[in-house]
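Asker: Questions regarding the structure given below will be posed in turn.
Since every read-out is calculated from the coordinates, none of them should be taken as a lab result. As the structure is a computational prediction, the values presented were derived from the model and not from experiment. Don't worry about glycine lacking a Cβ; one is built from the backbone with ideal geometry, like all the others, and counts go over all protein chains shown.
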Amino acid sequence: MVDQVIGDYQLLEELGHGSYGSLFLGQSLKDGGYVAVKILSKSGLDHEQLKLQQLEADIQSELKHANILALHSVIQTQDHIFMVMELCDQGDLFDFVVRDDPLRDEQLVKTMFIQILDAVEHMHANGVYHRDIKLENILLKSEQDDESDLVCKVADFGLATRERLSMEFGCGSSTYLAPEHFDDSADHEVVSNMNKNDMVPYDAAMSDVWSLGVLLLALLFGRNPWQEATSLDPAFAEFKRNPVMLKNQLFEQMSVPCFNFLKSCLSLDAADRPSVADMKAQFLAIPSLVEDSPQPLEQNPMDIPVSTKPTERASFDSAIFSATAPAGASWSDMVEEDEMLETCYDYNNTGLPSPPCSLEAVDEDDDTDMFVHSDEKESWWL
C-alpha cells in the first residue's frame, strides 16, 4: 500500500498492522497535511460482518467533538474500507503514563480526565456507548511542546454500539470491564460463555462509567487496581468485601473525596453508578485527588485474602471478547507484538498490588506485566 493514492491522500508509511487491517501515515495531495489512514479488509467477511465494519465508520463519522478523534472521510473500494482520520502526534495515554509520573502534575490529570468525560458525555447524549474505554484508546495531540497544551482524543469505535441495553458481554479489555460482564459464580466463567437464556442485558452506559473509574486510577497512579472484576482476583475480591481497601491498601495517596468519587463510579450495582454528566460534576467538586500526608480510613477488621494463582484467562483482549466476527474486533488488537511490561501484583505474598509501583522501574527481562490489564501493550497508535 505504500505510495498508493487513495482518493486525495497518498499513503507514506505503515504505522502498524494486525489480523484485521493496517494503519498508515497519509498525506493530503491538496494541502500537504498529514493524516492517519485506517485500512480495513473486506476479504472473507459475510454480510453481518460487513455491517459491523461499516457501523464503526458510521458511528465515528457522526460524532463531532473536540475530544473525539475526527474521521475526515471514508473511502470504499471493492476490497477495503479506508478511514481517513486526524493524526495525533503525541502517542496515547498509556505512553504518557509510562513516560511521566502523573502525580507530579495533578492539574494536568484533572484537565485530561475532564476532556475524556466531555467526550464520553457527548457520545452518551447521542446514543453511542464506547465499550472499550482504556488508556490505550485515548490519543494525545498538541501543536506545542508544552504538556499543558495536550488534548485528549477518544478513539477506537470498533466495539461501540447504539444499543444501551446489550447482550454482547465481554466487549472491551478485561481489566476495565465492569463485574456485570462476568459470571462470578463457582465456575467464574466469562458471561459470554454462559447460556444466553440465563442472562439479562447489561447497561452499556454504566459499563462505560465503570471503565472511566478504572482509567482514572491508572492515569493517576500508574497502575490498575485489579486484573478482572471477579472473585478469582484477590484485589477485587477484597474490594467487593470492603471498598475502603481501595484507599487503605491499594492507593494510599488517594484523597478521601477522590475515594468517595471512585467508590460511586465503581459501585457493584450498575444502577448505583452516576451518569457521565453527574460524574463530571462530582469530579469537578473534588478539591484534591491526592494527599501529602495520607491517613487511612476507618474500616472493619479484615483479613487479606489468600493469594490465588492467576487464571489462564487472566488477561483478555477485545478480539477474544468480540465473538467470531473479525469486523467486531477492537482496533487496539490489530497492532504487532510490543514489549512486555512488569506487573505490580505480588501473587506470592498478599495477592495485592504492592505500592508504590513506579512505571519507570521496568525489568525488560521479567515476563509479567506492569499494567495488569494486558499481556502486551495494546495501543493501536504507534
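Asker: Normalised by the residues of the stretch 5-86, what does the relative contact order come to in percent, with Cα pairs under 8 Å and at least six apart?
Answerer: Details: 136 pairs, mean separation 20.9, N = 82.
So the answer I get is 26 percent.
Asker: Along each principal axis of its Cα atoms, how long is the stretch 5-86 end to end? Whole angstroms, biggest number first, please.
Answerer: Taking max minus min along each principal axis of the Cα atoms, the stretch 5-86 gives 37, 27, 20 Å.
Asker: Separate question: Would you please give the residues with an amide H less than 5 Å from that of LEU297, counting only those at least 5 places away or on a separate chain, with H modeled from the backbone geometry?
Answerer: The list, which skips near neighbours in sequence, is ASN248.
Asker: Can you list the HN-Hα couplings for the stretch 79-95, worked out from phi with the Karplus curve (6.51, -1.76, 1.60; θ = phi - 60°), rounded to whole Hz and with x for Gly and Pro?
Answerer: Result, ordered by residue: 10, 9, 10, 10, 9, 8, 10, 5, 8, 9, 9, 10, x, 10, 5, 4, 4 Hz.
Asker: Further question on the same structure: Any idea what the dipole of the stretch 42-113 comes to, in debye rounded to 20, about its Cα centre with Lys/Arg Cβ at +1 and Asp/Glu Cβ at -1?
Answerer: Approximately 140 debye in magnitude.
Asker: Given the Cα-Cα distance of LEU297 and ASP31 and 0.36 nm per residue of separation, how much length would full extension add, in nm?
Answerer: Answer, rounded to one decimal: 90.0 nm.
Asker: Which of the pairs LYS141/LYS280; LYS153/LYS263; LYS64/LYS141; LYS134/LYS240 have their Cα atoms more than 24 Å apart in this structure? Before the final figure, lay out the partial values.
Answerer: Values: LYS141/LYS280 22 Å; LYS153/LYS263 26 Å; LYS64/LYS141 16 Å; LYS134/LYS240 22 Å.
Check vs 24 Å cut-off fails for LYS153/LYS263.
Asker: Enumerate the amide H contacts of LEU12 below 5 Å, restricted to partners 5 or more residues apart or on another chain; note that Pro and chain-start residues carry no placed amide H.
Answerer: Those qualifying (amide H under 5 Å, at least 5 residues apart or on another chain) are ASP3, LEU25, GLY26, GLN27.
Asker: Same structure again: Per 0.36 nm of contour for each residue apart, how much would the distance between ARG104 and GLN4 grow if the chain were fully extended, relative to their Cα-Cα spacing? Can you show the working numbers first?
Answerer: Details: separation 100, 0.36 × 100 = 36.00 nm, distance 4.45 nm.
Computed gain between ARG104 and GLN4 is 31.5 nm.
Asker: Further question on the same structure: Within a Cβ distance under 9 Å of LEU25, other residues only, what is the Lys/Arg minus Asp/Glu net charge? List each step's numbers first, then the result.
Answerer: Working: positive: none; negative: GLU13, GLU14.
Net of charged neighbours comes to -2.
Asker: Let me ask something additional. If we count every other residue with Cβ under 14 angstrom of ILE81's Cβ, Lys/Arg +1 and Asp/Glu -1, where does the sum land? List each step's numbers first, then the result.
Answerer: Numbers: positive: LYS38, LYS42, LYS51; negative: GLU56, ASP58, ASP79.
Neighbour charge sum, excluding ILE81 itself: 0.
Asker: For GLN78 and ARG164, what is the calculated FRET efficiency with R₀ set at 35 Å and r taken between the beta-carbons, to the nearest 0.05?
Answerer: Efficiency, from the Cβ-Cβ distance: 0.50.
Asker: In addition: Treat the count of other C-beta atoms within 10 Å as a stand-in for reagent exposure and order LYS38, LYS51 from fewest to most. Walk me through the intermediate numbers first.
Answerer: Values: LYS38 26, LYS51 13.
Lowest to highest Cβ neighbour count: LYS51, LYS38.
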